[in-house]
Amino acid sequence: MSLSKSNTAAIDINDQPGHLIRRAHQIAVSVFHETLGRDVTPVQYAAMRVLQDKPGIDQITLAQQVALDTSSAADIAARLETKGLITRKMLARGQRELRLTTAGEDLLAEMVPAMAQMQDTLLGSLSEKERVDFMALLRKFVTVNNEKSRAPMRA
């Protein structure tokens, strides 16, 4: 069913979940960079956190864990390797094993207080109950819609 011009004029973009999610992402990225600088991007941080928890995984597994396509994961891994934050070792099966370097581990440890500050900045205007509810609803939204992503997350 197509909407007439008069019907579309009644649609407020601030009532559209996609628009609000995009805005929330813009805000989160902005607060990340204001808090932590621009040496590491939010996606690079996520990749490093996965590698901290699962050292030695390959790039395909990293892509699945961070919900990226494999070419983006390979690019992120290459950038982190160039920064000296991870190592990539070629495995016999043609995949690359990824591990944090000591510098990568140290950087993540240094980021902990700033990440806590960032979370407080993002959620600070919400009550404790609202924070819990917001995070629960956000997790539910992401989980039930995971397969709709072009790069679904795999546990």
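The table for this structure:
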| read-out | value |
| --- | --- |
| Spin-label pair Ala103/Asn14, simplified geometry with 7 Å Cα→Cβ offset, distance in nm | 4.6 |
| Positive-end residue of Ala151, Gly94, Leu107, charge dipole of the chain with Cβ unit charges | Gly94 |
| Cα centre as origin, Lys/Arg/Asp/Glu Cβ charges: the range 16-145 dipole, Debye | 380 |
| For Thr101, distant residues with modelled amide H under 5 Å away | Ile86, Thr87 |
| Spherically averaged projected area of the range 16-145 from its Cα convex hull (nm²) | 9.0 |
| Cleavage-rule hits (trypsin sites (Lys or Arg not before Pro)) in the range 8-72: DSSP loop, at most 14 neighbouring Cβ within 10 angstrom | Arg38 |
| Mean separation of Cα contacts under 8 Å, 6 or more apart, over the residue count of the range 16-145: relative contact order % | 24 |
| Reachable aspartates and glutamates from Lys148, criterion Cα separation under 19 angstrom, eight or more residues apart if same chain | Asp69 |
| Modelled FRET efficiency - R0 30 Å, Met90 with Arg154, Cβ distances, 0.05 increments | 0.85 |
| Full-stretch length increase - Gln119, Asn146 - with 0.36 nm per residue and alpha-carbon distance subtracted | 7.4 nm |
| Residue-averaged 222 nm ellipticity for the chain, from DSSP H runs of 4+ at -39500 (n - 2.57), nearest 500 | -20000 deg cm²/dmol |
| Distance between the range 108-151 and the range 28-69 - C-alpha centres, whole angstrom | 15 |
| Pair Leu137, Arg79: separation of 7 Å Cα→Cβ label points (nm) | 3.1 |
| Nearby aspartates and glutamates by direct alpha-carbon distance to Lys83 (threshold 19 angstrom, same-chain neighbours under 8 apart not counted) | Asp39, Asp58, Asp75, Glu97, Glu105, Asp106, Glu110 |
| The chain: most fluctuating residue of Glu128, Glu97, Glu34 per GNM, C-alpha cutoff 10 Å | Glu128 |
| Rounded if a/c under 1.5, otherwise prolate or oblate - the range 10-70, Cα gyration tensor axes | oblate |
| Separation of the Leu126 and Gln52 label points, Cα + 7 Å toward Cβ, nm | 2.2 |
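Only the coordinates and a few stated rules stand behind these numbers; no lab work does. Remember, it's a predicted structure, so these values are computed and weren't measured experimentally. Every residue, glycine among them, receives a Cβ derived from its backbone with ideal geometry; neighbour counts consider all protein chains shown.
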